[in-house]
Amino acid sequence: MGDQINLDYVASQHAHKIVDNVNKTGADMKTLYNLATKALGVLQEQGVYAMVLFLLSRSKEEKNVSKSICSSLYRVLEEIPGFEKRITVPSEKMEANEILKCYSNITNDLDMLLLVRVLYEKILVYTRYGAKAVEKENEPAKGGEK
């Protein structure tokens, strides 16, 4: 049976990194929650390529949060056994058109596409829950202390 990957574990680790990175920047957890929710909706309704387009198109306050999400989504691909041998892994250093070309290649490989979709869904769901938990954790500190 070749290389195996525990998708749940990998997704939870990357979701935690997203929440932690956004929290360190001081961005609002509500923005992360909302953006992860929207990205998840696009992913489920339109697919991986459309979700990447959606995240790359964000502006203003969502832009930095979107970059944190994308960065983790790119890095998780390196953990998929054999991925780099078949498809170029996107990176935040690439231009948008290069990133989209990488994802276009992913959509051409049905097995890889389905794996990436499931993994991205898990990451975005866990990111939503993580953002909500941090938001709740931070509420009393903002409301009661000065």
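Summary table
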{"quantity": "Qualifying positions in the stretch 1-36 - polar (S, T, N, Q), farther than 15 Å from residue 68 by Cβ and at pLDDT 95 or above", "calculated": "12"}
{"quantity": "Identity of the residue in the stretch 102-146, at pLDDT 90 or above and of a type in the set (Lys, Arg), that ends up nearest to residue 7 (Cα to Cα)", "calculated": "122"}
{"quantity": "Wholly within the stretch 43-125, helices (runs of 4 or more DSSP H) carrying at least 3 residues that are surrounded by 19 or more Cβ atoms within 10 Å (Cβ to Cβ)", "calculated": "48-56, 61-77, 96-107"}
{"quantity": "Tally of residues being under 12 Å from the mean Cα position of the chain (by Cα), of a type in the set (Gly, Ala, Ser) and within 20 Å of residue 93 (Cα to Cα) across the stretch 29-75", "calculated": "4"}
{"quantity": "Extreme residue, surrounded by the most Cβ atoms within 10 Å (Cβ to Cβ), among residues of the stretch 2-28 that are of a type in the set (Gly, Ala, Ser) and under 12 Å from the mean Cα position of the chain (by Cα)", "calculated": "15"}
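The values are calculated or read from the model by the stated rules, or taken from the named source; none is laboratory data. Keep in mind that what you see is a predicted model, and the values were worked out from it rather than measured. Neighbour counts are summed over all protein chains in view; Cβ atoms, including those assigned to glycine, are modelled from backbone coordinates with ideal geometry.
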